[in-house]
Every structure is written in C-alpha cells, then in structure tokens.
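Heads up, the thing below is written out as structure tokens.
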Amino acid sequence: MGCGKTTWSRKLAAKLGYEFIDLDHALEEQMGMSIAEYFSSFGEDAFRKLESDVLKQTKYPENVVVSTGGGLPCFFDHMEWMNSNGKTLYIKLSPKTLADRLENSKTIRPVLQGKKGDELVEFITGKLAERESFYLQAHHHVDGIDMSVEKLEGAINSAG
Ligand SMILES: Nc1ncnc2c1ncn2[C@@H]1O[C@H](COP(=O)(O)OP(=O)(O)O)[C@@H](O)[C@H]1O
Ligand SMILES: O=C(O)C1=C[C@@H](OP(=O)(O)O)[C@@H](O)[C@H](O)C1
Ligand SMILES: [Mg+2]
C-alpha cells in the first residue's frame, strides 16, 4: 500500500500507449461502493474472494498495464497466476516512506484503520514482514525512490 502502483501504472500505460486497469477501481465498480464501505459491510474475507474473481475474470486487452491492490499478491495463488499471465513488478519502499505517503494520501485504506505516526510505521513493518515473500516473487523489483516511467520501462525490459 502506498508504494505508487496506481499512480505509476497509469503513467507507464500512457507512455507505452497501453490501456490501464486499476483492479481496485474495477472492484469498486463491480461492488457499487468504495473498498472502505465494502470492508465495513462485508469484511475482509468477502473482499478477498471478490478481488480474486475480479483478477481472474477481467477481460484484459493484449497491451495493458494493471495495478493491483497491495494485498492481492498475498492471497490464493495470485502471484503464480500473475507471473504466468504477464510481467510482474514490485515497487519497493521502506515502511517509513510508505507511512509518510499513506498519511498524505486521500484514498481510505481500511486495512490501516486510521493509524498514524509511529503506530503506522510499526504496523507497516509487520505487514511487510508478512507479505514481502510474495512481492519478491515478482519478475522485476524496483526501488520506489526517485521513480520515473523510464525506470519502470528499464526494469520490465531487463532480464530480471
Ligand atoms: N514517487 C512518488 N513520490 C512521492 N509521492 C508519491 C510517489 N508516487 C506516488 N506518490 C503518492 O503516494 C500516494 C500513494 O500512491 P498510490 O499510487 O495510490 O499507491 P498504491 O496504489 O501503491 O497504494 C499518493 O498520494 C501518491 O500521490
Ligand atoms: O494492502 C491491502 O490489503 C489493500 C490495499 C489497497 O490497495 P493499494 O495498495 O492500491 O492501496 C486496497 O486493495 C485495499 O484497501 C486493501
Ligand atoms: Mg492503488
């Protein structure tokens, strides 16, 4: 969460002349409500099931950049599925930088439950420890500091 998937996938798609799909936006359209509203009405387990259906049932154009939610790679067989169906990229940032960005972001992320400051940094440190083994399965890894479209293009065109 907060590493820049949505922001930079949109920019990369524009540069490449590809389509752009943010799976969280696709989910919100399908649910007819925001992710935060869905979480509070139906809970995380229901969200993860729907997220999985949307990942696998979306009709992807041939040339597309897709941003997922930060939890998606860590559930079911999603990393394996994405690695088999496209090129995957992990944008890596420290918990402190992620926390700063998330505190300034307008998007409500229910997993964070309004945490701020040191509590937020500690929470992200724990979440990343749980999740990073999934993210590291991505084909390419980039440092999220000094991000640019050129840096992303370089990463996806590199051997690994
Ligand atoms: N390279 C960057 N430098 C500073 N802020 C950034 C950068 N990339 C994204 N942001 C900001 O960080 C926040 C999270 O970005 P977002 O694209 O929503 O991340 P994600 O989809 O991974 O959760 C947003 O407020 C966005 O404007
Ligand atoms: O990490 C997570 O569990 C989540 C990340 C969010 O997406 P971003 O990574 O785009 O914020 C969104 O899918 C949902 O709030 C849950
Ligand atoms: Mg996003």
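Observations on the model:
- Rounded, prolate or oblate (a/c below 1.5 giving rounded, otherwise prolate when a/b exceeds b/c) for region 60-126 by Cα gyration tensor: prolate
- Modelled spin-label separation between R131 and R10, with each label point placed 7 Å from Cα along the Cα-to-Cβ direction: 2.0 nm.
- Applying a DSSP loop filter and a limit of 14 other Cβ atoms within 10 Å to the trypsin sites (Lys or Arg not before Pro) in region 27-115 leaves K59, K87, K106.
- Of the DSSP H helices in the chain, those whose Cα atoms cover at least 15 Å axially and whose Kyte score averages -0.5 or more: 35-57, 117-135
- Inter-label distance, nm, simple model (7 Å from Cα along the C-beta direction), E37/S52: 2.6 nm
- Taken over the chain, the ratio of Cα radius of gyration to 2.2 N^0.38 Å equals 1.01.
- If you wrap the Cα atoms of region 9-75 in a convex hull and average its projected area over all directions, you get 4.6 nm².
Values quoted throughout were computed directly from the atomic coordinates according to the rules given, and no laboratory measurement underlies them. This structure is a prediction, so every number in the text was calculated from the model and none was measured. Cβ: placed from backbone, ideal geometry, glycine included. Neighbour counts: every protein chain shown.
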